[in-house]
Number of protein chains: 2
Amino acid sequence: MNMNYQMWHVVCVLFTTSVLQGCVLADYWSDREDLIENDRSYGLGATLKLTEKEQRVNNVLMKYKLSEYDAGLEDLDTFLAAQHYFKVKDKIQYSKVFDIIKRIPKGASLHSHDEALVSEDYLFSLTFRDNLYGCIDGDDFKLYFFQKNNISDSCNWKLLSDIRKSDVRFNRFLKTKLTIITDDPEKSYPDINKVWKTFQAIFKSINGLITYKPVFEDYFYMALKELYNDNIKYMELRGFLPTLYDLEGNIYSQEEVVGIYSDVLKRFQRDFPDFFGAKFIYAPSRHCDNSTMDTFVETFRKIKKLYPDFVVGFDLVGQEDMGQPLTAFVPQLIELKNLGAKFFFHAGETNWYGETDLNLFDAILLNSTRIGHGYSILKHPLLSKYVKEQQIALEICPISNQVLKLVTDLRNHPGNLLIANGFPVVIASDDPSFWGAKGLSDDWYMAFMGMTSRETDLRFLKQLAINSIVYSSLDSIQKNAALSLWHNDWNVFIENMLIRFRYRM
Amino acid sequence: MNMNYQMWHVVCVLFTTSVLQGCVLADYWSDREDLIENDRSYGLGATLKLTEKEQRVNNVLMKYKLSEYDAGLEDLDTFLAAQHYFKVKDKIQYSKVFDIIKRIPKGASLHSHDEALVSEDYLFSLTFRDNLYGCIDGDDFKLYFFQKNNISDSCNWKLLSDIRKSDVRFNRFLKTKLTIITDDPEKSYPDINKVWKTFQAIFKSINGLITYKPVFEDYFYMALKELYNDNIKYMELRGFLPTLYDLEGNIYSQEEVVGIYSDVLKRFQRDFPDFFGAKFIYAPSRHCDNSTMDTFVETFRKIKKLYPDFVVGFDLVGQEDMGQPLTAFVPQLIELKNLGAKFFFHAGETNWYGETDLNLFDAILLNSTRIGHGYSILKHPLLSKYVKEQQIALEICPISNQVLKLVTDLRNHPGNLLIANGFPVVIASDDPSFWGAKGLSDDWYMAFMGMTSRETDLRFLKQLAINSIVYSSLDSIQKNAALSLWHNDWNVFIENMLIRFRYRM
């Protein structure tokens, strides 16, 4: 349909045939419908055709979506996706839309960080392990495993089991050190810098907990398990490769840590043979100087050589506004490229304009495979056009962007516009552990309800799953295999939904 | 420059010539610069060429802008445009960027409402007029002028001068009834519906104050004067045409009210001959039924016949989420069109998606001359393309959208993207009276600092002024005259700035 013809036709009719008002109105309504449909055809997933069975599942999904949506139109307080995640996270679990999303085979998780993967509950459960000590160090609370009588540190370390016995409020206190969750996020975190400060303090708190080798292995295994339970079969993990320790005084190097990841993954795939796999993106902190960056290059050289299939790329992480821009390290980044690193740069995770967001130019000039967040990319017309044409996927992390104070109401997230305009987009979870999410379902729910139109349906969700494989760093043979696995899962999902909803269709 | 060549060139160099790293890097930086420049060339005003004199003024402006911007990068709390307007409105007055913006000939004010035009101070000063009474009516505080001993209403009316004598806190109370300003906007207005409730209560409070004919005349005169003082020479006013009253018991009909506007305007233009003029957009409430809409059509018919040049168009106002959609009144709107009404519909002033925002389709199908707000238009790819191609201007009201709870941080306002992509945009004030703004300068400041890139300069502001005339409803002869007047003012502004800044250049 030609847009200009379409609209000028209407306008012309309106102007010239006032005597034929009935006729004009008939045209008006049909033209309006065509126009709305045409407008929607640009959206992510809009080109997918649903089978008759998929359509029946879609009908139930949309009944639930419209019911939630229209309740929100009546009473905004009931509309979860317009509110702060901390205030609605428990309520989301009761949403019928969420229930369906949980069951959808969602493909891959493409953007999450090594120390913020598992659920809040599992992370907390790790603090009950033997030999775990805690101590207060200024504003921070540190955790570490020691053998009894083998503590050299000057901090006033106490065994957690002892603290728990003497202080009934300790567990509550400890939980505040494991996530950034709060009842009153506006007051607790008035701006992005304040929330990042707390966010980074969590890493400090849990570092000694997670880098204890036995925990580290269990942690990564559980991370895979929670993805698997959320119907995700493949993962690309960003990790900064902390050195690990154990009670015997052994220290495990970064190469060994990659080996541990690889071993745990193999074990997990033995236990769950239909889990497709995982790849590793080396992602150290952007708060570093040139010589530290040189050591990152060396680390990458080593781990890429040892694990050429598992290690796929490189990224720099940390609060983008505060860290070094990509321009600080162009020679090293070129070297990394020559070492076979694909890039998955965090870029444009900012509200600043003409400053931090310039990282987007470098991410693209350096030929990033995907872009982490790309929150501000639409402020750059040429770059926007380019990522769309070249299919450089944007890893959108709805909840992360909200709780880390880029956006208040997700209905304002630029992801709305990227999705509406059919950009290459995947939905990712970033650091779900720190805000009490699990898997991808919470982010998918927030995106589906808060970042798409009332009418956007199962085709969008299906496309998201497909995108997560298409935009992965798998090679084309692996991609086809992963897509084929996913497609089977999708068909099972549809059949299961048909059984589940048989009385409702 | 060809984008694809540009980037593939870089990428290719990166991949193939690792031995020539020096050469690669030289290319990298120059290619990066070209790319950034090319990206910026899409922005509003980017095609304007500054004269040597303008460039000198621009240098000072940008020195101030960068100084504010970079201070914000260091300490977010100092960056006014990222914060709630109520918290920074007083500080804005001390900004050197603001000081320049105030002096800029800004062209026209194209979107503001009849009862919310004047400054907070002037509105308050009107409450000291003789014969003004007040009474508390439930949650509302009503104001009305009566002749002594001529009060038939059952409310407990008291003369304001008497209340002031007996209650020293009354002025403070009264001020809370004239604006929605509050120290803690997040707490006072947790969501859009709550802020609109207070917003609408203000209209109730001041209605009896403003619709007193002598006040009404002075009010409109002062509205023009405050625009004039803010270097604005033309106005398109939206008004719902309340009936007026006086102490003698006369009631003034809607036709007479238009006559009063027209007379006051003439008087103002006698006093300030270089004020270009004003036009009127009849804009009653969208909270109405079909028969009320019929009366609007009749009113428009009468006032258009009486004042064919002054009365230019039609709009429907009120909280868009809650009021009737345009679809409710298509036959009447077609009739209005046939009566010669241009349309300036409020549309897409919402965060909902696939619901209220559908008004955008109707606004465009009905051939709107401009669109009020159009906040959510980018959620609609086809409509976005159309308004850009057909040059249907979007009236962006930054402060309004923030204080009325569409967006928290203006750096997230979709206007950023409209401006970056060179959409036909004007900046407007909406209801400045109710949030203590005056003229357009506050909105221009927030847009310049919060909705454009760090590098966006005087060309953008110049283009905004030009746009306000180009997208007005003036005919082409009038437009040329207005542009010519504006151009003279602009040249005087540049000369004055050169004198003002002579020691700083």
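The values are calculated or read from the model by the stated rules, or taken from the named source; none is laboratory data. Just so you know, these numbers come straight off a predicted model, no measurement behind them. Heads up, the Cβs are rebuilt from the backbone with ideal geometry, glycines too, and the neighbour counts pull from every protein chain shown.
Summary table
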quantity: Selection status of residue B:310, touching a Ser or Thr at 6+ places or on another chain (Cβ under 8 Å), modelled with pLDDT of 95 or more and not hydroxyl-bearing (Ser, Thr, Tyr); calculated: yes
quantity: Among the candidates B:367, B:412, residue that is on the phi > 0 side of the Ramachandran plot and either within 9 Å of chain A (Cβ to nearest Cβ) or modelled with pLDDT of 95 or more (or both); calculated: B:367
quantity: Filter result for the condition that a residue is aromatic (Phe, Trp, Tyr), in contact with a helix residue (DSSP H, G or I) (Cβ under 8 Å, 6 or more places away or on another chain) and not assigned by the TED database to the domain that holds residue B:318, over B:448, B:460, B:501; calculated: B:501
quantity: Within region B:150-216, helices (runs of 4 or more DSSP H) holding 2 or more residues that are touching a residue at least 40 places away in the same chain (Cβ under 8 Å), surrounded by fewer than 19 Cβ atoms within 10 Å (Cβ to Cβ) and under 21 Å from the mean Cα position of the chain (by Cα); calculated: B:192-210
quantity: Test: residue A:30 is surrounded by fewer than 14 Cβ atoms within 10 Å (Cβ to Cβ), closer than 25 Å to residue B:391 by Cα and either modelled with pLDDT of 95 or more or among the β-branched types (Val, Ile, Thr) (or both); calculated: no
quantity: Any hit, region A:404-426, residues being touching a Lys or Arg at 6+ places or on another chain (Cβ under 7 Å) and of a type in the set (D, E, K, R); calculated: no
quantity: Qualifying residue in region B:436-450 (condition: closer than 26 Å to residue B:80 by Cβ, in contact with a Phe, Trp or Tyr (Cβ under 8 Å, 6 or more places away or on another chain) and within 11 Å of chain A (Cβ to nearest Cβ)); calculated: yes
quantity: Those residues of region B:370-386 which are within 11 Å of chain A (Cβ to nearest Cβ) and either closer than 16 Å to residue A:40 by Cα or not in a loop (DSSP other than H, G, I, E, B) (or both), in sequence order; calculated: B:376, B:377, B:378, B:379, B:380, B:381, B:382, B:383, B:384, B:385, B:386
quantity: Number of the condition not met by residue B:66 [criteria: (1) surrounded by fewer than 19 Cβ atoms within 10 Å (Cβ to Cβ); (2) not in a helix (DSSP H, G or I)]; calculated: (2)
quantity: Some residue of region B:217-227 being touching a helix residue (DSSP H, G or I) at 6+ places or on another chain (Cβ under 6 Å) and closer than 28 Å to residue A:73 by Cα; calculated: no
quantity: Number of the exception - residue B:268 against (1) among the aromatic types (Phe, Trp, Tyr); (2) closer than 20 Å to residue B:369 by Cβ; (3) part of a helix (DSSP H, G or I); calculated: (2)
quantity: Total residues in region A:69-119, condition away from every other protein chain (no Cβ under 13 Å) and on the phi < 0 side of the Ramachandran plot; calculated: 34
quantity: First in region A:449-468 and under 21 Å from residue A:429 (Cβ atoms), second anywhere and basic (Lys, Arg) and surrounded by fewer than 24 Cβ atoms within 10 Å (Cβ to Cβ), Cβ under 9 Å, 6 or more apart; calculated: A:449/A:65; A:450/A:411; A:451/A:411; A:456/A:40; A:456/A:65
quantity: Residue list for region A:285-324, restricted to those being surrounded by 17 or more Cβ atoms within 10 Å (Cβ to Cβ), more than 18 Å from the chain's Cα centre (by Cα) and under 28 Å from residue B:70 (Cα atoms); calculated: A:286, A:288, A:293, A:321, A:323, A:324
quantity: Hits in region A:425-476 (condition: among the small types (Gly, Ala, Ser) and part of a helix (DSSP H, G or I)); calculated: A:433, A:441, A:447, A:450, A:465, A:468, A:476
quantity: Condition broken by residue A:103, with the remaining ones in (1) surrounded by 18 or more Cβ atoms within 10 Å (Cβ to Cβ); (2) of a type in the set (Lys, Arg); (3) within 19 Å of the chain's Cα centre (by Cα) satisfied; calculated: (1)
quantity: Positions within region B:387-416 being touching a helix residue (DSSP H, G or I) at 6+ places or on another chain (Cβ under 7 Å), in a helix (DSSP H, G or I) and closer than 22 Å to residue B:82 by Cα, in sequence order; calculated: B:398, B:399, B:402, B:403, B:410, B:411, B:412, B:415, B:416
quantity: Scan of region A:340-361 for residues that are charged (D, E, K, R) and more than 7 Å from chain B (Cβ to nearest Cβ), ordered by number; calculated: A:342, A:349, A:357
quantity: Identity of the residue in region A:279-336, of a type in the set (Gly, Ala, Ser) and in contact (Cβ under 8 Å) with a residue 24 or more places away in the chain, that ends up nearest to residue A:266 (Cα to Cα); calculated: A:313
quantity: Test set (1) among the small types (Gly, Ala, Ser); (2) in contact with a strand residue (DSSP E or B) (Cβ under 8 Å, 6 or more places away or on another chain); (3) assigned to a helix (DSSP H, G or I) - residue B:278 fails condition number; calculated: (3)
quantity: Failed condition for residue A:165, given (1) over 30 Å from residue A:285 (Cα atoms); (2) basic (Lys, Arg); (3) assigned by the TED database to the domain that holds residue A:250; calculated: (3)
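Yes/no per residue for (1) modelled with pLDDT under 95; (2) assigned to a helix (DSSP H, G or I):
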{"position": "A:1", "(1), (2)": "yes, no"}
{"position": "A:5", "(1), (2)": "yes, yes"}
{"position": "A:38", "(1), (2)": "no, yes"}
{"position": "A:53", "(1), (2)": "no, yes"}
{"position": "A:56", "(1), (2)": "no, yes"}
{"position": "A:70", "(1), (2)": "no, yes"}
{"position": "A:88", "(1), (2)": "no, yes"}
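The rows are residues; the columns are (1) under 23 Å from residue B:228 (Cα atoms); (2) buried (at least 24 other Cβ atoms within 10 Å of the Cβ).
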| position | (1), (2) |
| --- | --- |
| B:386 | no, no |
| B:391 | no, no |
| B:396 | yes, yes |
| B:407 | no, no |
| B:415 | no, yes |
| B:426 | yes, yes |
| B:432 | yes, yes |
